[in-house]
1. How do the pairs read when you match residues in segment 762-774 that are under 12 Å from residue 462 (Cβ atoms) with residues anywhere that are of a type in the set (D, E, K, R) and assigned to a loop (DSSP other than H, G, I, E, B), using Cβ under 6 Å and keeping only pairs 6 or more apart or on different chains?
2. Please go through segment 220-235 and give me each residue that is open to solvent by 50 Å² or more (accessible area, probe 1.4 Å), over 13 Å from residue 766 (Cα atoms) and not hydroxyl-bearing (Ser, Thr, Tyr), ordered by number.
3. Just to be sure, is residue 172 modelled with pLDDT of 95 or more and either more than 26 Å from the chain's Cα centre (by Cα) or part of a helix (DSSP H, G or I) (or both)?
4. Go through segment 479-499 residue by residue and tally those that are out of contact with any Leu (no Cβ under 7 Å at 6 or more places or on another chain), modelled with pLDDT of 95 or more and either of a type in the set (Ser, Thr, Tyr) or assigned to a helix (DSSP H, G or I) (or both).
5. Kindly indicate whether residue 721 is at pLDDT 95 or above, open to solvent by 10 Å² or more (accessible area, probe 1.4 Å) and either in contact with a helix residue (DSSP H, G or I) (Cβ under 7 Å, 6 or more places away or on another chain) or at positive phi (or both).
6. Quick one: in segment 520-543, which of the residues that are hydroxyl-bearing (Ser, Thr, Tyr) and surrounded by 23 or more Cβ atoms within 10 Å (Cβ to Cβ) is modelled with the highest pLDDT?
7. Considering each of 114, 135 in turn, give the residue that is more than 30 Å from residue 177 (Cβ to Cβ) and not basic (Lys, Arg).
Amino acid sequence: MEPAMELETQASQQAKEGSKNHARRRWRKGKVKASAFSHSMDLHTMTQSLVTLTEDNMAFFSSQGPGETARRLSNVFAGIREQALGLEPTLGHLLGVAHHFDLDTETPANGYRSLVHTARCCLAHLLHKSRYVASNRRSIFFRASHNLAELEAYLAALTQLRALAYYAQRLLAINRPGVLFFEGDEGLSADFLQEYVTLHKGCFYGRCLGFQFTPAIRPFLQTLSIGLVSFGEHYKRNETGLSVTASSLFTGGRFAIDPELRGAEFERIIQNLDVHFWKAFWNITEIEVLSSLANMASTTVRVSRLLSLPPEAFEMPLTSDPKLTVTISPPLAHTGPGPVLARLISYDLREGQDSKMLNSLVKSEGSRLELRPRPQQAPRSRALIVHIHGGGFVAQTSKSHEPYLKNWAQELGVPIISIDYSLAPEAPFPRALEECFFAYCWAVKHCDLLGSTGERICLAGDSAGGNLCITVSLRAAAYGVRVPDGIMAAYPVTTLQSSASPSRLLSLMDPLLPLSVLSKCVSAYSGTETEEHSESDQKALGMMALVQRDTSLLLRDLRLGASSWLNSFLELSGRRPPKASAPTAEAARPTESMRRSVSEAALAQPGGLLGTDTLKSLTIKDLNFKSHSETSDTPEMSLSMESLGPSTPSDVNFFLRSENSQEEAEAKDDVGTMDRAPRARTAFPEGFHPRRSSQGILHMPLYSAPIVKNPFMSPLLAPDSMLKTLPPVHFVACALDPMLDDSVMLARRLRDLGQPVTLHVVEDLPHGFLSLAALCRETRQAAELCVQRIRLVLTPPATPLS
């Protein structure tokens, strides 16, 4: 009997364990099915189903006695019910008008749709979780504490999403129909985003990390977040800099097992560490070990050579009259003339790519000819791709983007030259633009050395690189030289103004593009990086990083001295800039005034090329201020300090009040002050209070330079006459990207001008998917879409039959 009883006991235990494992498998498998089912439901049905489940769960846990866990579970379901009911009418309103902001009926995409979709994802997860709790709450395998933690995390996320929905509703009420970017007055602008930046963000970086993206992306985001907070710890301990190793990045075990701790640390890092930290972290892929692994997993090519283009002027023919030429000068801004680096990638070894002249330009570390047996060199390709990488203008090189560029080279059979432009903050605007334009012109002139005949040329770039592709084309048109046959811009930033839009509200939860990081990158690129570094920030830097920063500051001081001399010269010659409306405030920031003028003066061209239009008060509603009939024979090249005028908070500051905003507010009449004071609070209905950040004051630059309104930095703000010079533009954007509205608005402007433009929006993927092309099927499909857009540019238009 004993053996029989023992077998019966073992069978019983196995049955229980099997039932437990089956439940887990059913939970994992059902998660995707339930999510798909939830997303097929309309918003009202989803909300009502969630409310019914929460009420049932509330009643159950309220009857379970005075236990702390049962009480918290009852409270969390009550909170979910309250937030869901409060959120439904706002989402319904946004969804009802969202179609007015689409490019066309075939491209239903804009920030309002994205915000509604994100909120639906959160509601769908809570609906599925509530069903799971209702079905398993009586089971002995029900993990009450685990489910409570997840429900509380998603309740926090839902609360913050409700706040974002109210903010989007305010944007909708303030802006003109069809305009996605903020158009409010100065006081409302400051109140709006002063409120926005204080919102709690940590809930989106813990258990809820990446809930809005495709499930295949979430493990990568979790690994990335653990790596980020671990890297932040090494950064604080002076273990970063050039000595960082790949193994030191993912050693934060406590962050891996504690999502709440990881979320809080993630929020602390994005709010408090400066652009130098992000520069170091984003350059992790440059580490030899990681880059070698990436290259091993990517396509093998015959040619991958780093070239150093000499800083020598050359002549380019004008498209209007090829007998005439224009001189292309080497980059000069900020650091003087210097070589420009660019990487040549080609799947086949083509004619010209092993010439003596090209070999003389190869940088010592860059020659990577992988000799495979081939009978002879391939002939020159008819096309050429000029690529400009992303990285927020502050990080990465062509080496970081090499894996997907190799795939492009194989699929398209075209050589690619990827430009390694100088990075901010050491080299702010317009250095990167000058280098990219110089390299583009060099590639057009010497395409035979690159293995191409140059019959078709495509400019392609992602993120910041997409911005530079557009501005390089504008500059080429202004010079009168050949513009590319088309542009492929993947998730580009098209305006660097600190203007809110519905999609930019998503930066509150985006792990790759947090709001403060975006602001720091823009500040670095515009040359106005904050000089205020606390003692703790100084301690957080390693020795090499301190040396790098001190060198950057020295170069900046030299630039300020040159700018001061230039301003004095202009004053002596009678060309005085207009006086500031608030001389006391401007006098209190003399170094900031000089720093703003550096980039603007550097971009200025000889008299005949200098534009005279003013952008002092340019906003989204003034985009059509210059008609085609007003243009001169030579398009404008830049905007001087005189045309831009002095900076005021209403010009450039959308996110925070200026340092003098209190004095300015007190100087205004009492009635105006009383009217504006409650506006921030009236964003939310009575009784609703979103969660606020516990990480202290958000360290964000208080000012953006007026140079950000320059169309060579923010092409969305370019006048119609400049946009009409662009070739066909193909945008590939992400629905959940904070930069989505940048693509939508510029595509709409080009469409209204009759310019050839396409916009394709991929779903459920984050910003930067090209660098994740090998990660999953969805990213591979999105990367293939970019290849298809490039192929459209490289394919000659069909010749009509006579």
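The values are calculated or read from the model by the stated rules, or taken from the named source; none is laboratory data. Bear in mind that the values here come from a model prediction, so they are computed numbers and not experimental data. So basically every Cβ, Gly included, is an ideal-geometry build from the backbone, and we count neighbours across all protein chains shown. With ligands, DNA and RNA removed, areas are computed over all heavy atoms of the protein, side chains included. Shrake-Rupley method; radii C 1.70, N 1.55, O 1.52, S 1.80 Å.
1. Taking only residues 6 or more apart or on different chains, the pairs are 767/737.
2. So in segment 220-235, the residues open to solvent by 50 Å² or more (accessible area, probe 1.4 Å) come out as 220, 222-223.
From the residues that got through so far, the ones that are over 13 Å from residue 766 (Cα atoms) too are 222-223.
The answer is 222, and nothing else.
3. Working: modelled with pLDDT of 95 or more: no; either more than 26 Å from the chain's Cα centre (by Cα) or part of a helix (DSSP H, G or I) (or both): yes.
Answer is no for this residue.
4. Residues in segment 479-499 being out of contact with any Leu (no Cβ under 7 Å at 6 or more places or on another chain), modelled with pLDDT of 95 or more and either of a type in the set (Ser, Thr, Tyr) or assigned to a helix (DSSP H, G or I) (or both): 2 in total.
5. Working: at pLDDT 95 or above: yes; open to solvent by 10 Å² or more (accessible area, probe 1.4 Å): yes; either in contact with a helix residue (DSSP H, G or I) (Cβ under 7 Å, 6 or more places away or on another chain) or at positive phi (or both): yes.
So residue 721 passes the test.
6. Initially, segment 520-543 is screened for residues hydroxyl-bearing (Ser, Thr, Tyr), giving 523, 525-526, 528, 530, 534, 536.
Imposing the further condition that a residue be surrounded by 23 or more Cβ atoms within 10 Å (Cβ to Cβ) reduces the set to 523, 525-526, 528.
Numbers: 523: 89, 525: 94, 526: 90, 528: 78.
Going through the qualifying residues, I end up with 525.
7. On the way: 114 fails: more than 30 Å from residue 177 (Cβ to Cβ).
On inspection, the qualifying residue turns out to be 135.
Yes/no matrix, rows are residues, columns are (1) closer than 24 Å to residue 168 by Cβ; (2) open to solvent by 20 Å² or more (accessible area, probe 1.4 Å):
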position: 69; (1), (2): no, yes
position: 78; (1), (2): no, yes
position: 84; (1), (2): yes, no
position: 88; (1), (2): yes, yes
position: 95; (1), (2): yes, yes
